[in-house]
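Have a look at the structure below, then the notes.
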């Protein structure tokens, strides 16, 4: 989910991200590996039996009593670290990998280009991974640009959408297409019927490309479409449209969104992998909605000056969301349980920071955050759910804003890229940062996909 904020906002947003008591330590101090931290077993509060990990459509729990609507939490837990945060070795300076260096699975990445004064993902999609480290590319048109949804949770499918431009650099609009590529090389292409969205677009606007999207589970996608003023394509989107998409048929499922309270499809939404919950940006803040019993569980009035990021833990127990701020409006990052209990607000010591991304680990134990200060200093933090504190920090070298962070399927590495520099991976067991030697931005990591394709 990876749940990203609009690409058109990247250059203008200044976020105040609030984290408490985050004192740096010397890199020489002992740093416990994440593997030594016991895993947490979060009791599912909404189920008497454990549901399938990634069910299609809705979870059948109709025999259970409905959840109760909760009032916004007024007394929230503020994170206070129980000690200094361990810092990665070398204070983030990447090492060159040795000859025998390898990575579990395959990272998919895009190159970079400057398009109308902004950094954008370059054409094609490349691969890096394996042991020893190997570089190759996917069997796709390497001159074509793509909006990438990433890998399905089981790692078996990659979803992406081709983007076409005319000779002046304007996006050529039409019914968008989603292409699925399997680990065995099978391709499925679906041109979407967007008539249910087209009917809601104001006169003078056109449905554009995907601004962002993510896999909800192994069968469903979420997509957020740009809506652009005709014919000024390069102006920022004034609004957009959300949709849930049946991945393998390409059919839009509008009724999932139309039944929500106090919203419309012009707002960011985060659907839980089991499709029993959705956290979305409502007209005056946030709303957590029960998709089984069709009622609001929790809501809070929150000032949202620009946009949000939302990411559900893979086990559907918790959702993290970031409110983007500026020099006047405070931003924040919060963790909310599926039953509407405010688990944590990360606050206080990172005023003036901008969020690059938030992303849960595959085992739902840790949350990765990438941040950039007003002075241009960037860091990756690892927040542990069980201990309610940051357990790792790694400075990120470079001046340009970093994008999404991606976990390895075994949750032992994170990968990230920043424009103009080589991609890097951080080994969370050793604290070592390795440079992958290729300029680009990761868009997914799978343990099913081969690195080298025929």
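Taking each residue as 0.36 nm, the span from residue 262 to residue 422 lengthens on full extension beyond its C-alpha to C-alpha distance by 53.2 nm.
For the pair residue 184 and residue 283, a Förster radius of 35 Å applied to the C-beta separation gives a FRET efficiency near 0.20, rounded to the nearest 0.05. Neighbour counts of C-beta atoms inside 10 Å place 205, 214 in the sequence 205, 214, starting with the fewest. Is the stretch 283-324 rounded, prolate or oblate when judged by the Cα gyration tensor, a ≥ b ≥ c being the square roots of its eigenvalues, rounded requiring a/c under 1.5 and prolate requiring a/b larger than b/c? Oblate shape, in that a/c is at least 1.5 and b/c is the bigger or equal ratio. Classification of the stretch 182-225 by its C-alpha gyration tensor yields a prolate form. The axis ratio a/c (a ≥ b ≥ c) is 1.5 or more, and a/b outweighs b/c.
Peptides 406-414, 313-321 ranked from most to least packed give 313-321, 406-414, packing being the mean of other C-beta atoms within 10 angstrom over each peptide's residues.
A full extension of the chain between residue 143 and residue 397 corresponds to an added length of 88.5 nm, given 0.36 nm per residue minus the alpha carbon distance.
Each of 397, 180, 367 was scored by other Cβ atoms within 10 Å of its Cβ. Listed from fewest to most, they are 397, 180, 367. A simple spin-label model places pseudo-atoms 7 Å from Cα toward Cβ; at residue 93 and residue 374 they are separated by 3.0 nm. On the beta carbon distance between residue 430 and residue 255, with R0 = 45 Å, the FRET formula returns roughly 0.40. Using R₀ = 35 Å, calculate the FRET efficiency as 1/(1 + (r/R₀)^6) where r is the Cβ-Cβ separation of residue 136 and residue 206; round to 0.05. So the FRET efficiency works out to roughly 0.40.
Can you give me the C-alpha center-to-center distance between the stretch 417-452 and the stretch 351-397, rounded to a whole angstrom? Computed from Cα coordinates, the inter-centre distance equals 17 Å.
Read the figures in this text as sums done on the coordinates, not as results from a lab. Bear in mind that the values here come from a model prediction, so they are computed numbers and not experimental data. Counting neighbours? That spans all protein chains shown, and the Cβs are built from the backbone with ideal geometry, glycine included.
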